[in-house]
Amino acid sequence: MAKETPIGRLRSHLGFSQADLAERLGVTRGHVSHLENGVVQPGPDFLMRLLDCFRGPMQAAGVELEDVLRGRFRHAGRRGRAA
């Protein structure tokens, strides 16, 4: 099993399904899966779209981007808290 990436942890924590995120980003669910499993790496433009998509829900949930990227964030269930 592949190690879950920060994108996957954050998506799950914020209550998005892969299909939800794919629709918001205009990509396939398979592409989201590949991003989460490290099969593909997002480019700078895609990362900006991803951040725009997550910005509001992250603020509402009190999640800091730095914690997610540094691995200090763990899944705590739908709309849970960052640790």
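None of the figures in this text is laboratory data; all of them are computed from the coordinates on show. All figures in this text were calculated on a predicted structure; none of them were measured in a lab. Here the Cβ positions follow ideal geometry from the backbone for every residue, glycine too, while neighbour counts run over all protein chains shown.
Side notes on the structure shown:
- For the pair Ala19 and Gln41 in one chain, pulling the backbone fully straight at 0.36 nm per residue adds 6.1 nm over the alpha carbon distance.
- Packing rank of 29-35, 53-59, where each peptide gets the mean count of other beta carbons within 10 Å, highest leading: 29-35, 53-59
- Calculated from backbone phi, Karplus (6.51, -1.76, 1.60) coupling profile of segment 50-57 in Hz, x at Gly/Pro: 5, 4, 4, 5, 8, 3, x, x
- Dipole of segment 6-69, positive end: most advanced residue of Ala61, His13, Gly30 [Cβ charges, Cα centre]: Gly30
- Cα radius of gyration and Dmax for segment 6-69 (Å): 10.9, 30
- Peptides 5-11, 42-48, ordered by how many other C-beta atoms sit within 10 Å of their residues on average, highest first, read 5-11, 42-48.
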